[in-house]
Amino acid sequence: MASLDPDIDIMYVCRPNLVLRPQMRVIMSETYNRKRLPEEMEHNVETVWIDRLAKNPKLYNGTKFRIDSVSLEGDTLTVHLGVTCYKEYIGSNWSPNVELYRTLGRECCENPQVYLSDPLGVGSFVLTSDNHVILLRRSVHCGEAPGMWDIPGGHAEPEELVGKKSFEEIDVSSMDSQAVTDEIFDSILREIRDEVNLPQSSLSDPELLGIARNTTSAGRPSMEFLVRCSLKSEEVVSRYLQGNQAEADESTSIKMLPLEDAVNLETKNPELWGQMAPSGKGCFILYRLSNSSK
């Protein structure tokens, strides 16, 4: 499903109702891992990673979940997941040959993403008690979208469930489905806590808005959630400015947008919209789409 912005494709919209934690079912299988490229091309994945690592030795090859597809059955959203790693992501989604990989995917499997890592991100439309939405200015040192405005977000982490293993060592089919679901929902609460300095006791359980793909990174997907915060916007700003949150170095400033501005930001403030990271755009678009039928 196309969106109104070239940086974003919409993979799935939750409507007429958002998806709550008990309504998500995860199916884990190695079938949903990235498909290996022909050998001479697969070698290039490693080469791209080595080149990037030489430029930024701080890069960490952590494990991530990989989303293959979703389907709705009654009130239950079934999510098909495998695992991947940051090396695969850099070596495939950010490869100079990525469009070739997508063409091969279309030709062999009718799926342009099959050879790509597509690690699953998470993001949040955090709505305060006085109806403001949180935006953070990303640090210029961030690997993606440096200096742009974004929502709080990050990744669900397989490491939280299996420990420090390479993704090749993970027995995907033995991972507990409910534990994976909980990690996805819990991860966005951790990100808000660690990026904005908000106590988790002030946050509602996340509600899934949908899934957006970032076209600037070859369709990398992110689950976007609505999270309600019991604090007012001025309290949120005050806590953020204390600067003692775990991931304080990932952003440089905070902006509180009135909800009525956020839902139509492209037309209300096109200059700010142009400074938004793709993940933030996807989240805002999904919020609007998920509410359009209500």
Practice item. Could you grab me the full set of residues in region 181-238 that are within 15 Å of the chain's Cα centre (by Cα) and aliphatic (A, V, I, L, M)? Key: I184, I188, L189, I192, L208, L209, I211, A212, A218, M223, L226, V227
Exercise for review: Scan region 111-124 and give yes if some residue there is more than 16 Å from the chain's Cα centre (by Cα) and open to solvent by 50 Å² or more (accessible area, probe 1.4 Å), otherwise no.
Suggested key: no
Review point. Of all residues in region 82-110, which are in a helix (DSSP H, G or I), open to solvent by less than 50 Å² (accessible area, probe 1.4 Å) and touching a Pro at 6+ places or on another chain (Cβ under 9 Å)?
Key: Y86, E88, Y89, Y101, R102, L104, G105
Check your understanding: Can you tell which of E99, E73 is charged (D, E, K, R) and under 22 Å from N214 (Cβ atoms)?
Key -> E99
Exercise for review: Among the candidates S217, S166, S177, single out the residue that is within 20 Å of R25 (Cβ to Cβ) and not aliphatic (A, V, I, L, M).
Suggested key: S177
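Where residues in region 18-54 are β-branched (V, I, T) and exposed (fewer than 15 other Cβ atoms within 10 Å of the Cβ), which of them is farthest from L116 (Cα to Cα)?
Out of the qualifying residues, it is I50.
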Review point. Which one of these does D130 not meet: (1) modelled with pLDDT of 95 or more; (2) within 24 Å of R66 (Cα to Cα)?
Key: (2)
Check your understanding: If S238 passes every condition in (1) modelled with pLDDT of 95 or more; (2) among the polar types (S, T, N, Q); (3) open to solvent by less than 40 Å² (accessible area, probe 1.4 Å) but one, which one does it miss?
Key -> (3)
**Study point:** First in region 269-294 and open to solvent by less than 60 Å² (accessible area, probe 1.4 Å), second anywhere and assigned to a helix (DSSP H, G or I) and charged (D, E, K, R), Cβ under 6 Å, 6 or more apart
**Key:** W273/E266
Exercise for review: Filter region 11-56 down to the residues that are at pLDDT below 95, among the basic types (K, R) and under 22 Å from the mean Cα position of the chain (by Cα), then identify the one that is nearest to L77 (Cα to Cα).
Suggested key: R15
Exercise for review: For region 13-47, name all the residues that are of a type in the set (A, V, I, L, M, F, W, C) and either assigned to a strand (DSSP E or B) or under 22 Å from I170 (Cα atoms) (or both).
Suggested key: V13, V19, M24, V26, I27, M28, L37, V45
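The values are calculated or read from the model by the stated rules, or taken from the named source; none is laboratory data. Only a predicted model underlies this, so the values are computations on that prediction, with no experimental measurement involved. Here the Cβ is made from the backbone with ideal geometry for all residues, glycine too, and neighbour counts use every protein chain on show. Just the protein is used for accessible areas: all its heavy atoms, side chains included, with ligands, DNA and RNA removed. Shrake-Rupley method; radii C 1.70, N 1.55, O 1.52, S 1.80 Å.
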